[in-house]
Amino acid sequence: MSRARDRADSPLLGTLLISTTVSDDATVDFNSTYVTSSYDHYDLQVTGLIPATDNTWLGLRFGTANSADSGATKYAYTCYFIGASDSDGYQVNYNWDNSSSAILLTPSANFSMGTGTGEGLSFHLRCWDLSSASLYKKATKLAAGTMGEGAYFGQSYASVGGYKEASAVNFIQLYASSGNLASGIVSLYGIKKG
């Protein structure tokens, strides 16, 4: 494969910084070893994420002091879900908050991560402007998965969120609303502007 198409080496698509296997972890954290001023934006590629506790939502936090900021009014988000079911066709769910302690990446417990057969959440998350010392931080996510209420499948999620902090970020965290994250793979990519 040419360098222009190789995601691990392409400045357009990002440089692979680390790939980690989730194994009964309370959080998935990327600290200042990986989140540095060398990159402007970061991508998380998440595959087959399964929580230890059924029907839990997934949260995203950032930090500027090499730890997650859980400030109760620092985050805002909008999250949308649509999924299909054999029994009633489809369901739509959304959730939003303009003064939260995290960016919600799944809309609610019943339309969230699950532990049943075939369930698992996979998604691509872009974290924007993390090295900026003047812009608030943003996140956009597109996902596909089977939610905690296993009758729904072929679902899609779309999330957008913001972190009300102008200082440069050096910490990214994923966590479940209840219990640990049991399994999955999370890869972090750094992306430079232009």
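The gain in end-to-end length when the Lys193 to Ala133 segment is fully stretched comes to 20.1 nm, 0.36 nm per residue minus the alpha carbon separation. The Stokes-Einstein estimate for segment 35-140, based on a Kirkwood radius over Cα pairs and taken at 4 °C with 1.567 mPa s viscosity, is a diffusion coefficient of 84 µm²/s. In terms of Cα to Cα distance under 18 Å, which lysines are near enough to Lys193, apart from those fewer than 8 places away along the same chain? By straight Cα distance, Lys193 reaches Lys137, Lys138. Distance between the pseudo-spin-label points of Asn31 and Thr73 (7 Å out from Cα toward the beta carbon): 3.1 nm. Here the contact order of segment 14-143, divided by its residue count and restricted to Cα pairs under 8 Å and six or more residues apart, works out to 30 percent.
Remark: spin-label model distance Ser19-Asp40 equals 2.7 nm, labels positioned 7 Å along the Cα→Cβ axis.
Any read-out appearing in this document is the output of simple, stated calculations on the displayed coordinates, not a laboratory observation. Everything numeric in this text was worked out from a predicted model, so none of it was measured. Every residue, glycine among them, receives a Cβ derived from its backbone with ideal geometry; neighbour counts consider all protein chains shown.
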